[in-house]
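Q: This is the structure, below, for whatever I ask next.
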Amino acid sequence: MVNQRSNPLSELAKYGFEDLSEALRNLDLLVKQIGDRARPVVIPLSKSASPDRALRFLNRFAEEHAKQLGKVLANEDSAQRLCSLVGASDAMADLLHRRPELLTILGRPAKLPTDFNLSIESRVSLRQEYRQKLLSIADWDLSRPFQQSYRDVSAALSDLAVAALEAGITVAISELISEGRITQEQAQTAGLAVIAMGKCGARELNYLSDVDVIYVCSANDDAVSTATKIAARLALVIDESSTEAGLWQVDPNLRPEGKDGVLVRSVDSHLSYYQKWAHPWEFQALL
């Protein structure tokens, strides 16, 4: 850990800690909680984005899962990956604290997900699986130099967002049918499609991006009505507060006429708008 023969606060400063007195207390506390396995932890902590933040997480986690944390820190690779994750993102730290079973990911080689299918059982299971895959993306990302991972990560984040929208539509339809607001036949004939816009459409999402979309459906009044109900519910499936926090905002404001326009249009209505009234920037946005 810290060389006790020299000034311990000076040693901590060399490792990148900012609140030196707090860090010293937290390091001593971590040793008391999980034993000697905590002593080398300053090395992986020093390589994280925020050693102070990562150390605070380790102590918080050790209060309830000392044995599990000790196993992770006993391995050099998993210790570094854990410190990198929780030092870079409060959201990842909170996720691991809520779901400690996800630490098992650190026992396997870091891997960028390629299967983005998500559960359609409920909005809660959808969000849980989304975050599990997001954790894998972040783990892989932080294990590589930025310039080597950026394009692959932004594409993976975009593909994961698309998978969430696809699963979210199914969940939204299921909820609406169970409430008697639409029928299965209406859902099938509505022909709702989601056009990914902005960074999602370009497969350039980052971790904090909203997801811009435009909705389109079949060309009849009943289809528009049904598709509008599904699209409105989709936004709630993805982001409404519940026992499992929302993911991100589904932003439909790039649609024709923006916030003043209807949420869902038919293909013919879209074509008419773009042929007669659209601004140049709207064509650029579509491209």
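The values are calculated or read from the model by the stated rules, or taken from the named source; none is laboratory data. Keep in mind that this is a model prediction, so the values were computed, not measured. Note: ideal-geometry Cβ built from the backbone for every residue, glycine included; neighbour counts use all protein chains shown. When the accessible area is computed, the model is the full protein with side chains, heavy atoms only, and any ligands, DNA or RNA have been set aside. Shrake-Rupley method; radii C 1.70, N 1.55, O 1.52, S 1.80 Å.
Q: Using only Cα atoms and rounding to the nearest 10 degrees, what angle (0 to 90) does helix 123-142 make with the longest principal axis of the chain?
A: Relative to the chain, helix 123-142 is tipped by roughly 50 degrees.
Q: Output the Cα-based Rg and Dmax of the stretch 77-117 in Å, rounding Rg to one decimal and Dmax to a whole number.
A: 10.7, 29
Q: Can you figure out the FRET efficiency of Ser178 with Ser241, using R₀ = 25 Å and their beta-carbon distance, to the nearest 0.05? Don't skip to the answer; put the middle values down first.
A: On the way: r = 20 Å, r/R0 = 0.81.
Efficiency for this residue pair is about 0.80.
Q: Moving on. With a/c under 1.5 counting as rounded, go ahead and sort the stretch 59-145 into rounded, prolate or oblate using the C-alpha gyration tensor (a ≥ b ≥ c being the square roots of the eigenvalues; past the cut-off, prolate if a/b is larger than b/c, else oblate). List each step's numbers first, then the result.
A: Details: a/c = 1.99, a/b = 1.34, b/c = 1.49.
Judged from the Cα gyration tensor, the stretch 59-145 comes out oblate (a/c at least 1.5, b/c at or above a/b).
Q: Label the stretch 153-270 by shape, choosing from rounded, prolate and oblate, from the square roots a ≥ b ≥ c of the eigenvalues of the Cα gyration tensor; if a/c is under 1.5 it is rounded, and otherwise prolate applies when a/b is larger than b/c, oblate when it is not. Display every interim value, and only then the final one.
A: Numbers: a/c = 1.94, a/b = 1.29, b/c = 1.50.
Oblate.
Q: I'd like to compare 135-145, 154-164: which one has the highest average count of other Cβ atoms within 10 Å, and what's the full order after that?
A: In descending order of packing, they fall as 154-164, 135-145.
Q: Quantify, in whole percent, the carbon and sulfur part of the accessible surface of the chain (1.4 Å probe; protein heavy atoms only).
A: After summing per-atom areas, the C and S share lands at 49 percent.
Q: Now for a different question. May I ask for the distance between the Cα centers of the stretch 95-150 and the stretch 32-69, given as a whole number of Å?
A: If you average the Cα positions of each part, the centres end up 21 Å apart.
Q: Another question about this same structure. When only alpha-carbon atoms are used, what values of Rg and Dmax, in angstrom, describe the stretch 1-99?
A: Calculated on Cα positions, Rg and Dmax stand at 12.2, 39 Å.
Q: Please work out the Cα convex hull volume for the chain and give it in Å³ per residue.
A: 148 Å³
Q: Could you tell me the accessible area of Lys47 in Å² (1.4 Å probe, neighbours in place), rounded to the nearest ten?
A: Estimated to the nearest 10 Å², Lys47 gives 140 Å².
Q: Relative contact order for the stretch 142-287: what is it in percent, counting Cα pairs under 8 Å that are at least 6 residues apart?
A: It rounds to 24 percent for the stretch 142-287.
Q: Now for a different question. Using a 1.4 angstrom probe on the protein heavy atoms only, line up Tyr15, Tyr150 by accessible area, largest first.
A: Most to least solvent-accessible, the answer reads Tyr150, Tyr15.
Q: Relative contact order for the chain: what is it in percent, counting Cα pairs under 8 Å that are at least 6 residues apart?
A: Dividing the mean separation by the residue count of the chain yields 12 percent.
Q: So, for the stretch 174-287, what is the accessible surface per residue at a probe of 1.4 Å, expressed in square angstrom?
A: For the stretch 174-287, the per-residue accessible area is 56 Å².
Q: How long is the gain from Ala66 to Lys47 if the chain were fully straight, where each residue apart is worth 0.36 nm and the alpha carbon distance is subtracted?
A: Result for the pair: 4.6 nm of gain on full extension.
Q: Any idea of the accessible area per residue across the stretch 44-139, 1.4 Å probe, to the nearest Å²?
A: On a per-residue basis, the stretch 44-139 sits at 45 Å².
Q: Taking the 0 to 90 degree range and rounding to the nearest ten, how far is the long axis of helix 267-276 tilted relative to the main principal axis of the chain, both from C-alpha atoms?
A: On a 0 to 90 degree scale, this one is about 90.
Q: Would you kindly find the accessible area of His97, with a 1.4 Å probe and non-protein molecules such as ligands, DNA and RNA excluded, rounding to the nearest 10 Å²?
A: Roughly 40 Å² of His97 is accessible to a 1.4 Å probe.
Q: Which loop-located trypsin sites (Lys or Arg not before Pro) does the stretch 181-285 contain, where loop means any DSSP state but H, G, I, E or B and the Cβ has at most 15 other Cβ atoms within 10 Å?
A: Arg181
Q: Now a separate question. Any idea what angle helix 20-34 forms with the longest principal axis of the chain, computed on alpha-carbon atoms, 0 to 90 degrees, nearest 10?
A: Between helix and principal axis, roughly 90 degrees.
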